[in-house]
Amino acid sequence: MIHLRILIPLLLLLFVGCEKISNLLTFEINSSDTIKIPASGLVNTPFIAPVPVPVNAQKTYDNNQTKAELVRDVRLVKLKLTIVDPAAENFNFLNNIKIYIGADGVDRVLLASLDNVPVDVATIELVSANAQLDRYLKAPSYTLYTEVGLRSNVARELTVQADSRFKVTADPL
């Protein structure tokens, strides 16, 4: 019969060991993509052209000693949009935004959104939909689809940098 003094430290050691293994199999993938917002004379233009994004995750998988087929869970942690051209522009034209993600053979899902976009800012951070995204980051590429509600027209084409961070959990071998 195992004494309680021995059992508790063994259980604690087992728990800490499992937690460390889990942390070893969790890592982040960062992506930076460019979205062009065309000039519009219409305030009710609800969509921006889809943006195809090649998935460059294989190098990150290799650096973390895993493979795409072992990835079991991917979640968006952060999605930040910054107007980079023209530099003096801000998001005053934008009331709300939703960004969807899609891939060949996989339905689109909401990636992130922001209602009531603040005025006089050139950078906004969207709220993650917390969708499971492993199917999209295992694909060779995915496409971002943007739906917007505008406060006013967009006077000239804008270039927006979309910086995203995904948390990835993979199974051991």
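When you go through (1) part of a loop (DSSP other than H, G, I, E, B); (2) touching a residue at least 60 places away in the same chain (Cβ under 8 Å); (3) farther than 17 Å from residue 35 by Cα one by one for residue 65, which number turns out not to apply?
So the condition that residue 65 fails would be (2).
Report, by residue number, each residue of the stretch 80-118 that is out of contact with any strand residue (DSSP E or B) (no Cβ under 9 Å at 6 or more places or on another chain) and under 23 Å from residue 157 (Cβ atoms).
87, 88, 92, listed by residue number.
Of the conditions (1) at pLDDT below 90; (2) under 14 Å from residue 29 (Cα atoms); (3) surrounded by 13 or more Cβ atoms within 10 Å (Cβ to Cβ), residue 62 satisfies every one except a single condition; which number is it?
So residue 62 meets the others, but not (3).
Against the condition of a type in the set (Gly, Ala, Ser), surrounded by 16 or more Cβ atoms within 10 Å (Cβ to Cβ), part of a strand (DSSP E or B) and at pLDDT below 90, how does residue 31 come out, does it pass?
yes
Take residue 95 and tell me if it is in contact with a Gly (Cβ under 6 Å, 6 or more places away or on another chain), assigned to a strand (DSSP E or B) and of a type outside the set (Lys, Arg).
Details: in contact with a Gly (Cβ under 6 Å, 6 or more places away or on another chain): yes; assigned to a strand (DSSP E or B): yes; of a type outside the set (Lys, Arg): yes.
Against the criterion (in contact with a Gly (Cβ under 6 Å, 6 or more places away or on another chain), assigned to a strand (DSSP E or B) and of a type outside the set (Lys, Arg)), residue 95 qualifies.
Applying the selection to the stretch 104-123, what residues are among the hydrophobic types (A, V, I, L, M, F, W, C) and either closer than 13 Å to residue 150 by Cα or open to solvent by less than 20 Å² (accessible area, probe 1.4 Å) (or both)? Write out each step before concluding.
Taking the stretch 104-123 and keeping what is among the hydrophobic types (A, V, I, L, M, F, W, C), we get 106, 109-112, 114, 117, 119, 121-122.
Matches in the stretch 104-123: 111, 112, 114, 117, 119.
Starting from residues that are in a strand (DSSP E or B) and open to solvent by 60 Å² or more (accessible area, probe 1.4 Å), keep the ones in the stretch 124-173 and report whichever is farthest from residue 83 (Cα to Cα).
Among those residues, the one meeting the criterion is 167.
Condition first: modelled with pLDDT under 85, surrounded by 15 or more Cβ atoms within 10 Å (Cβ to Cβ) and in contact with a Phe, Trp or Tyr (Cβ under 9 Å, 6 or more places away or on another chain). Can you find one or more residues in the stretch 71-87 that meet it?
As a first pass, look at the stretch 71-87 and keep what is modelled with pLDDT under 85: 71.
Filter once more, so that each one left must be surrounded by 15 or more Cβ atoms within 10 Å (Cβ to Cβ): 71.
Then drop every residue that is not in contact with a Phe, Trp or Tyr (Cβ under 9 Å, 6 or more places away or on another chain), which leaves 71.
The answer is yes; a qualifying residue exists.
For (1) of a type outside the set (Gly, Ala, Ser); (2) touching a helix residue (DSSP H, G or I) at 6+ places or on another chain (Cβ under 8 Å); (3) within 17 Å of residue 163 (Cα to Cα), each residue gets a yes or a no:
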residue: 66; (1), (2), (3): yes, no, no
residue: 69; (1), (2), (3): yes, yes, no
residue: 78; (1), (2), (3): yes, no, yes
residue: 81; (1), (2), (3): yes, no, yes
residue: 107; (1), (2), (3): yes, no, no
residue: 110; (1), (2), (3): yes, no, yes
residue: 114; (1), (2), (3): yes, no, yes
residue: 132; (1), (2), (3): yes, no, no
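Outside any loop (DSSP other than H, G, I, E, B), under 17 Å from residue 37 (Cα atoms) and among the small types (Gly, Ala, Ser): does that describe residue 112?
no
The values are calculated or read from the model by the stated rules, or taken from the named source; none is laboratory data. These figures come from a predicted structure and were not determined experimentally. Cβ atoms come from the backbone with ideal geometry, glycine included; neighbour counts cover every protein chain shown. Accessible surface is based on the protein model in full, side chains and every heavy atom, while ligands, DNA and RNA are left aside. Shrake-Rupley method; radii C 1.70, N 1.55, O 1.52, S 1.80 Å.
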